[in-house]
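Trainee: This structure is in structure tokens; I'll ask about it shortly.
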Amino acid sequence: MEILVASEAGTLHALTLDDDLTPTSSQRLDRAEFAGFAASVEAERPRWVWADTAALYPELLRAGVRVQRCLDLRLCHVILRHAAPESFDAADAWDVPLLPEVDAVPSLLDDLEDMARLGDVGPDDLLAERVRQRDVLATVADPGRLRFLLAAESAGALIAAEIAHDGLPWDLGAHDAILTDVLGPRPRPGSRPRRLEELARQIQEQLSAPRLNPDSPVDLLRTLRRSGLDVKSTSKWELRELQHPVVEPLLEYKRLARLLSANGWTWMDTWVRPGTDGRRGRFFPDYVPGGVVTGRWATSGGGALQLPKQIRAAVRADPGWRLVVADVAQIEPRVLAAMSRDDALAAASRGADLYQGLVDTGIVDTRAHAKVAMLGALYGATTGEAGHLMPRLLRAYPRATGLVEDAARTGERGGVVHTWLGRTSPPPPAAWRETQGLATQPDAGESAERRARQQARDWGRFTRNFVVQGTAAEWALVWMAQIRLRLADLTDLTDTADRPHLVYFLHDEVIVHTPARLAEAVAEAIGDASAEAGRLLFGGFGVEFPLDVAVVEHYGEAE
DNA sequence: TTCCTCGGCCAC
DNA sequence: AAACGTGGCCGAGGAA
């Protein structure tokens, strides 16, 4: 059973559909009735179908109602349009970006919540889109896989909304202690923390430049060169190689200045809601499912995808609760082995450490070389150590390397490539084709040809990585959806106060916040979910996805 | 004043 | 000092 929920001019319409997508009943709901309606119908485990999970699900969550499955038609639309562009006309209302161009609607900023989402789609339009998507699905090469992807993508939307509702437990006191320890006490607004001020003075003295602003790359580069240091930039990679007394305080300054600007007291004030008795604060990452072309999640504000290791100890479970932190070891090479059906690479992956497996089978001599070579193959390295090791990898794993090489060649020709479940890469932009076209003209100059070759190789590296990064993202989505199902089974669903819940996701890593007594059961559920994700995606093919799982009080304890 | 690009660096 | 993929976010400083 499916239930379509349309929202039009503040009123909700719920349509119940049978398996042929024929409406069997229809009703109007006041906004206030929505959660009660959803709670009563959820017992029958329907599939909820709506235009945009982020527009409707939060109000259910606020009312304490969670649903098991949904179809997010906007997210599905994006996938289907790329998979079968010939089935769609010009861009329509379903192609609107998640957030509008801010320039375009300055007067609507107050209504952003309502206007930016696809909340306002009438029941007829919603049903028409649902039917269209079913029909498009029937035309693609492998509807089963794509249907699975749409379900996984939609489950991701539910999870993102739930994390946005629950938040990541955050210990403001621990965060402040870390900052104070390395920077000094919180300074008055507009002035540098004590430690940064000291370092700035040292740098100025070492370079005999009393008015140097170390935060200004232009100023700093000029001053360094005036001191006889032959550098082309102020990056730490280049500075590290210099023999000069300014290097140490300068690198330390950069490290601390970064911490202050990215995750200092201002960030804390902006993104963390203080806790209450017996409860930590909460950081609310604004995840954007499907926000990256490859299918990875993006974030919009808060920087949840780049929480530096330095402050992870501030992620701390509530008293009496634990964090279960789990990440997949070397997900991308494992996914590559599975999707290319490369038995040799799969065999090397049959252990907790795939890179060590490459050493043990004699492909390379050290683990470090194995990692460099493998990442080089996934990213398209041509020079240096990675480029040098490539021939060995090509010889040892012709199927796996062949898959990414093929994807690169396709991209270089301007073609599109597909992930395992059928997410399709975007075609190269018009300017790209134009440059390629110019280079094939009879009167094309040397430089035009060089530019075109360079650009073709660049796009090839993108498509090469797309197939693997995108399939890894699919694995992670399925893993997380399986975790979510299993967590719901650990407790009585109505018992929301004691419910283990996902609070963080980072490409190949999750954190579950759970009452301490359930921590071991949660860890086991996460492992089961990993095995199930492998089976669901790749059937019986023998690639394993081993996890590092840790039950901790704070994230800093996990590796 | 606001907007935008760039250099730099964090995460995977 | 980037090389070799995907991102977000910051301050500086020039452009509008």
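Trainee: What's the extension gain from A:Glu520 to A:Ala93 if we count 0.36 nm per residue and subtract their Cα-Cα distance?
Mentor: Numbers: separation 427, 0.36 × 427 = 153.72 nm, distance 4.63 nm.
Here the answer is 149.1 nm.
Trainee: While we're on this one: Which FRET efficiency, nearest 0.05, do A:Ala63 and A:Glu205 yield, Cβ-Cβ r, R0 45 Å? Write out the running numbers ahead of the final one.
Mentor: On the way: r = 61 Å, r/R0 = 1.36.
Using R0 = 45 Å, I get an efficiency of 0.15.
Trainee: In percent, what relative contact order does chain A have, based on Cα pairs under 8 Å that are 6 or more apart in sequence? Walk me through the intermediate numbers first.
Mentor: Details: 868 pairs, mean separation 83.2, N = 559.
Relative contact order for chain A comes out at 15 percent.
Trainee: Quickly work out the A:Leu305-to-A:Val218 label distance, labels modelled 7 Å from Cα along the C-beta direction, and quote it in nm with one decimal.
Mentor: 3.0
Trainee: For A:Glu44 and A:Asp20, what is the calculated FRET efficiency with R₀ set at 25 Å and r taken between the beta-carbons, to the nearest 0.05?
Mentor: Values: r = 18 Å, r/R0 = 0.72.
Efficiency, rounded to the nearest 0.05: 0.90.
Trainee: Assuming R0 = 25 Å, can you tell me the calculated FRET efficiency for the pair A:Asp286 and A:Arg31, based on Cβ-Cβ distance, to the nearest 0.05? Spell out each step's value before the answer.
Mentor: Values: r = 23 Å, r/R0 = 0.94.
Efficiency computed from Cβ-Cβ geometry: 0.60.
Trainee: Something else about it: Ranking request for peptides A:45-53, A:293-301: highest mean number of other beta-carbon atoms within 10 Å first, then the rest in descending order. The partial results should precede the final answer.
Mentor: Values: A:45-53: 21.7, A:293-301: 17.4.
Highest to lowest by the protection proxy: A:45-53, A:293-301.
Trainee: How many nm separate the modelled label positions at A:Ala298 and A:Arg341, each set 7 Å beyond the Cα in the direction of the Cβ?
Mentor: My value for the distance between the label points is 3.6 nm.
Trainee: Any chance you could check the Cα centroid distance between region A:1-66 and region A:378-446 for me, in angstrom?
Mentor: The two parts, judged by their Cα centres, are 44 Å apart.
Trainee: By how many nm would the segment from A:Arg450 to A:Thr276 lengthen if fully extended, with 0.36 nm per residue of separation less the alpha-carbon distance?
Mentor: Working: separation 174, 0.36 × 174 = 62.64 nm, distance 6.16 nm.
Extra length from A:Arg450 to A:Thr276 when fully extended: 56.5 nm.
Trainee: What nm value, rounded to one decimal, do you get for the distance between A:Trp432 and A:Val182 when each label is placed 7 Å out toward the C-beta?
Mentor: The answer from the label model is 3.8 nm.
Trainee: Excluding A:Ala370 itself, what net charge comes from residues whose Cβ is under 12 Å from its Cβ, given Lys and Arg +1 and Asp and Glu -1? Intermediate values should be presented prior to the final figure.
Mentor: Details: positive: A:Arg367, A:Lys371, A:Arg392; negative: A:Asp353, A:Asp360, A:Asp365, A:Glu385.
Net of charged neighbours comes to -1.
Trainee: Report the full-extension gain for the segment A:Thr11 to A:Arg399: residue separation times 0.36 nm, less the Cα-Cα distance, to one decimal in nm.
Mentor: That pair, A:Thr11 and A:Arg399, stretches by 134.2 nm at full extension.
Trainee: Rounded to the nearest 500, what is chain A's calculated 222 nm mean residue ellipticity when only DSSP H runs of at least 4 contribute -39500 (n - 2.57) each, over all residues? Display every interim value, and only then the final one.
Mentor: Working: 21 runs with 275 residues, N = 559.
So the calculated ellipticity at 222 nm is -15500 deg cm²/dmol.
The numbers here are math on the coordinates, done by the rules we state, and not lab data. Just so you know, these numbers come straight off a predicted model, no measurement behind them. Neighbour counts are summed over all protein chains in view; Cβ atoms, including those assigned to glycine, are modelled from backbone coordinates with ideal geometry.
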